[in-house]
1. Taking square-rooted eigenvalues a ≥ b ≥ c of the alpha carbon gyration tensor, is the range 27-70 rounded, prolate or oblate, where a/c under 1.5 means rounded and, failing that, a/b exceeding b/c means prolate?
2. Would you please give the FRET efficiency between Leu91 and Ala41, computed as 1/(1 + (r/R0)^6) with r the Cβ-Cβ distance and R0 = 22 Å, to the nearest 0.05?
3. Hey, rough spin-label estimate for Ile56 and Ser71, points 7 angstrom out along Cα→Cβ, what's it come to in nanometres?
Amino acid sequence: MIKKRRKFNKKQKNSRYSKLSLFQKPDTNFFKPCPLSGKNAPILNYKNIKLLKRYISESGRILPSRITSVSLKKQKELSRSIKRARLLALL
C-alpha cells in the first residue's frame, strides 16, 4: 500500500504559530521566544531553586515546553537540573 505525502504550503507552515480570532488580522503571530536563551537569560543550574520553581507545577511535575515556551535544548537542561535538585532534596 502506498502512503500519500502531504504537501505543505506557506499558510499551513505558519499556522503552527497563529491562532485566529474573529477580530484579528490573519498575519498576527503568537510565537513567544525562549525565556532561557538569548541576552541576559538566567543560567540553568540545580542550585538556582527560585528559577526552577517557576517551571514546576503545584503538584511537583515539570511543566511542558508548549506551556512555558522553552526551546527543546533548554527544556532538556531544565528537566535535568530539576531532577538533580530533587535528588539532592533541594526541591
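1. Working: a/c = 3.65, a/b = 1.37, b/c = 2.67.
Verdict is oblate for the range 27-70.
2. 0.55
3. Taking the two extended label points, one gets 2.6 nm.
Where a number appears in this text, it was derived from the coordinates with a stated rule and is not lab data. Remember, it's a predicted structure, so these values are computed and weren't measured experimentally. Because the Cβ atoms are built from the backbone with ideal geometry, glycine has one as well, and the counts that use them run over all protein chains shown.
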